[in-house]
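The values are calculated or read from the model by the stated rules, or taken from the named source; none is laboratory data. Worth saying up front: this structure is predicted, and the values here are computed from it rather than measured. So basically every Cβ, Gly included, is an ideal-geometry build from the backbone, and we count neighbours across all protein chains shown. Just so you know, the surface numbers come from the protein's heavy atoms only, side chains and all, with ligands and any DNA or RNA stripped out. Shrake-Rupley method; radii C 1.70, N 1.55, O 1.52, S 1.80 Å.
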Amino acid sequence: MAGGGDDAAAAVKKDVEAEVVIVGGGIAGLATALALRRAGVARGPGGVLVLERHAGLRATGAALTIFPNGWFALRALGVAHKLTSRYDAYETSEVTNLESGAKQVFRFAGTKNK
């Protein structure tokens, strides 16, 4: 663990039993934990343990772009509805050639609703 001093060292030495350990409480770690629980993979003693170095939610962090396949995965996990009313779908992307200045627009096959 970065920082944290003696408390962090004590937490690392603590024995914890878990069937599955996921390192990182970001979107990928939490989605993996949710999918494993729903699939019944980690329902035994200890279940799924998600390790995250920060104690709580932070107001800072990286931006997240969810492409159509990401929306499909979020729908499969049953959580897309919590985002669709707040965020617009990413349906196109524009790429500019820095040498020629030419622009090309790419359209994605799906949207968050289809």
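Checking every residue in the stretch 75-89 against the condition of being at pLDDT 85 or above and of a type in the set (Asp, Glu) gives zero matches.
Are any of the residues in the stretch 46-58 touching an Asp or Glu at 6+ places or on another chain (Cβ under 8 Å), aliphatic (A, V, I, L, M) and at pLDDT 75 or above? There is at least one residue in the stretch 46-58 that is touching an Asp or Glu at 6+ places or on another chain (Cβ under 8 Å), aliphatic (A, V, I, L, M) and at pLDDT 75 or above. The C-beta contact set for the stretch 29-48 (first residue under 20 Å from Val16 (Cα atoms) and in contact (Cβ under 8 Å) with a residue 12 or more places away in the chain, second residue of a type in the set (Gly, Ala, Ser) and surrounded by 13 or more Cβ atoms within 10 Å (Cβ to Cβ), distance under 6 angstrom, 6+ apart or interchain) comprises Leu36/Ala42; Gly46/Ala18; Val48/Ala33; Val48/Ala42. Looking only at the stretch 1-45, residues that are open to solvent by 100 Å² or more (accessible area, probe 1.4 Å), under 27 Å from Leu74 (Cβ atoms) and either in contact with a His (Cβ under 9 Å, 6 or more places away or on another chain) or at pLDDT 80 or above (or both) come to 3 in all. Confirm whether Gly101 is surrounded by 11 or more Cβ atoms within 10 Å (Cβ to Cβ) and either assigned to a loop (DSSP other than H, G, I, E, B) or modelled with pLDDT under 85 (or both). No; evaluated as a whole, the condition is false for this residue.
Here the stretch 47-57 is the region considered, the condition is being open to solvent by 50 Å² or more (accessible area, probe 1.4 Å) and part of a loop (DSSP other than H, G, I, E, B), and the residue that is farthest from Gly70 (Cα to Cα) is Ala55.
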